[in-house]
1. Given the options I44, I49, name the one that is aliphatic (A, V, I, L, M), without any contact (Cβ under 8 Å) to a residue 60 or more places away in the chain and in contact with a helix residue (DSSP H, G or I) (Cβ under 6 Å, 6 or more places away or on another chain).
2. Residues being in contact with a strand residue (DSSP E or B) (Cβ under 8 Å, 6 or more places away or on another chain), touching a residue at least 40 places away in the same chain (Cβ under 8 Å) and of a type in the set (V, I, T): count how many of those fall in region 71-106.
3. Please count how many residues of region 1-55 are under 16 Å from the mean Cα position of the chain (by Cα) and among the acidic types (D, E).
4. Would you be able to say whether some residue in region 63-71 is surrounded by fewer than 21 Cβ atoms within 10 Å (Cβ to Cβ) and outside any loop (DSSP other than H, G, I, E, B)?
5. Determine which single condition A150 fails, assuming it passes every other condition in (1) open to solvent by 20 Å² or more (accessible area, probe 1.4 Å); (2) over 22 Å from E14 (Cβ atoms); (3) over 14 Å from the mean Cα position of the chain (by Cα).
6. Got a number for residues in region 125-177 being in contact with a helix residue (DSSP H, G or I) (Cβ under 9 Å, 6 or more places away or on another chain), touching a residue at least 60 places away in the same chain (Cβ under 8 Å) and acidic (D, E)?
7. Could you tell me whether region 91-98 includes any residue that is polar (S, T, N, Q) and over 29 Å from L10 (Cβ atoms)?
8. One residue is enough: does region 115-130 have a residue meeting the conditions of a type outside the set (G, A, S), open to solvent by 20 Å² or more (accessible area, probe 1.4 Å) and closer than 15 Å to I44 by Cβ?
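The values are calculated or read from the model by the stated rules, or taken from the named source; none is laboratory data. Since the model is a prediction, treat every value here as computed from it, not as a measurement. When we count neighbours, we look across all protein chains shown, and the Cβ atoms used for this are built from the backbone with ideal geometry, even at glycine. Please note that ligands, DNA and RNA were not included when accessible areas were found on the heavy atoms of the full protein model with its side chains. Shrake-Rupley method; radii C 1.70, N 1.55, O 1.52, S 1.80 Å.
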Amino acid sequence: MSVFQADEPLDGLEYHIRTQPTNLGKMIAEAAHAAAPHTQAVIINSGGIRIDDKVKGPVTQYDVMRILPYGGAMVEIDIDGELLEKVLRVGIRDNVGRGGYLQTYGIKVVDTGFMIDGKRVVKGQTYTILTGGFLLSGRETGLGFFTEKADGIKAVRRPGKDDILRDIRLAVIKFMKER
């Protein structure tokens, strides 16, 4: 059963998804944000997107499982701007071509850094971000410092057993159905 009609191909080609924002990466991040609209931004690792193809036409729940075979919970964090800037710098600038390249929602890349809510990310400011549990584990390429025990992580909120964010795929399916 179709959950979405992709008239424009959703780009999940590995070469693209790990080197630049794609419409599929943006859609996944936006779907996560739609499930937690009080957050300011979303960061997800593109290595979790494994379809290595373009998806067009009717998209089924099975397709979402193929796109995101590992699924996983999304975690809401309060993070200091200094650590967030470091995560974004490594994840967007240094991890090009790797699974640790970040797909985002609510973040604008500018020459001098990154912006959220139209303002530059700054040290000392706290931001409420939604990210993948795996990404926050410190096991992603180049992001070993990004753990819930890192200086700069002020709070971590995990989804409950009935929360749609317990698996990113549920949020994506819901988002697609509503489009």
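1. I49
2. The number of residues fulfilling the criteria is 5.
3. 3
4. There is at least one residue in region 63-71 that is surrounded by fewer than 21 Cβ atoms within 10 Å (Cβ to Cβ) and outside any loop (DSSP other than H, G, I, E, B).
5. Only one criterion is unmet by A150, namely (1).
6. Residues in region 125-177 being in contact with a helix residue (DSSP H, G or I) (Cβ under 9 Å, 6 or more places away or on another chain), touching a residue at least 60 places away in the same chain (Cβ under 8 Å) and acidic (D, E): 2 in total.
7. Among the residues of region 91-98, not one is polar (S, T, N, Q) and over 29 Å from L10 (Cβ atoms), which makes the answer no.
8. We begin by selecting, within region 115-130, every residue of a type outside the set (G, A, S); these are 115-117, 119-123, 125-130.
Narrowing the set further to residues that are open to solvent by 20 Å² or more (accessible area, probe 1.4 Å) leaves 115, 117, 119-120, 122-123, 125-126, 128.
Still in the running and closer than 15 Å to I44 by Cβ: none.
There is no residue in region 115-130 that is of a type outside the set (G, A, S), open to solvent by 20 Å² or more (accessible area, probe 1.4 Å) and closer than 15 Å to I44 by Cβ.
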